[in-house]
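Written out below as structure tokens is the structure these notes cover.
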Amino acid sequence: QVQLVESGGGLVQAGGSLRLSCTASGRIASINYMGWYRQAPGKQRELVAEFTVSGRTNYADSVKGRFTISRDIAKNTVYLQMNSLKSEDTAVFYCVYSSAEYVYWGQGTQVTVSS
């Protein structure tokens, strides 16, 4: 089992920045994928940014140039730095870790961007 704890969400004005964190514990040696997803009200959950299995980063077109995914292996933490936030970024953000067998989701953290 892997447990994920997210933090860093909140209310921010358009143009502002937030940094989300997701810290993992448990059987993390098997993890080969980390990512951030989001779900806005009335919409499907969508990929925001990820470290692929090969270790490359990948971003949704809507966040390219504004968001950056990073990780600190020693701290078992993945980050999402979000700059130039827009009202359309308002959503619940989830981190996800996966191994070859299982997918683990964080509890979600609310990000609200006021215009």
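The condition of being under 11 Å from the mean Cα position of the chain (by Cα) and modelled with pLDDT of 95 or more holds for Tyr79.
Out of the stretch 30-77, which residues are among the acidic types (Asp, Glu) and exposed (fewer than 14 other Cβ atoms within 10 Å of the Cβ)? Lay out the reasoning, then the answer.
So in the stretch 30-77, the residues among the acidic types (Asp, Glu) come out as 46, 50, 61, 72.
Listed by number, the residues that qualify are Glu46, Asp61, Asp72.
Taking the listed residues Thr52, Thr77, Thr109, Thr90, the one that is without any contact (Cβ under 8 Å) to a residue 24 or more places away in the chain and among the hydroxyl-bearing types (Ser, Thr, Tyr) is Thr52, with no other qualifying.
The values are calculated or read from the model by the stated rules, or taken from the named source; none is laboratory data. Predicted model only: the values in this text are computed from it and were never measured. Cβ: placed from backbone, ideal geometry, glycine included. Neighbour counts: every protein chain shown.
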